[in-house]
Structure formats: C-alpha cells, structure tokens
Ligand code: FES
C-alpha cells in the first residue's frame, strides 16, 4: 500500500521547471508541466547519473544536461535506442499541493 505525503507547494515549482526534494535514500526531482501535471523522478540520469533536475523539460520529457539523453518523466525510461530507466514515482496534485 502506497503512502502519499505532501512535499512541496505546486506554486513553488516553476512551469516547465523542477525542484529537488531530498529524502534519506535519494534526491527526487519534481517537475511541473505546462498543464500543471507533476512528475517525480529520481534526480539521477540512468546513463551516468546526471542531475535530471538541471535538464530541460519539454512535454513529458526531460533532456539530461550532460549527454542529452531524453528521459520520459512518466515512466523513467530513456527514449530512443537507449535501454535504461530511472526510478519514478506517482504524483498527484490537490489544491496546490501534491503528494
Ligand atoms: S548522464 Fe545523462 S545523458 Fe549522460
């Protein structure tokens, strides 16, 4: 059973930007899409651990700043010919907060 927790107010994430939430186990990059869709993904590229929160978001994809891999934020999968994935989490928005 999953447990939802509030981590950041939606208005504190710029549209097409991200914020990093630090946890005991890992840093989570939380992205906000143009339509206020929120994505949460481990802040480490599946290629060589580039910081995805520093990448450029377009649609539901982020381009890693180190070597330009494109990562699907919904699945955590690298797009194209690359076979790798970064862990991602479910997210939801409710009255300006998401869990
Ligand atoms: S570390 Fe992300 S593309 Fe290489």
Using the beta-carbon distance between residue 3 and residue 35 and R0 = 22 Å, what value does 1/(1 + (r/R0)^6) give for FRET efficiency, to the nearest 0.05? 0.25
Burial ranking of peptide ranges 42-51, 59-68 (average Cβ count within 10 Å, highest at the top): 42-51, 59-68
With 10 angstrom as the radius, rank 11, 18, 53 by how many other C-beta atoms surround their C-beta, starting from the fewest. 11, 53, 18
Need one number: convex hull volume per residue for the stretch 18-94, Cα atoms only, in Å³. 83 Å³
Which length gain, in nm to one decimal place, applies between residue 24 and residue 79 when the Cα-Cα distance is subtracted from 0.36 nm times their residue separation? 16.9 nm
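Rule-based calculations on the coordinates, nothing more; no lab input. Computed from a predicted structure; not experimentally measured. Every residue, glycine as well, gets a Cβ built from its backbone with ideal geometry; the counts of neighbours run over all protein chains shown.
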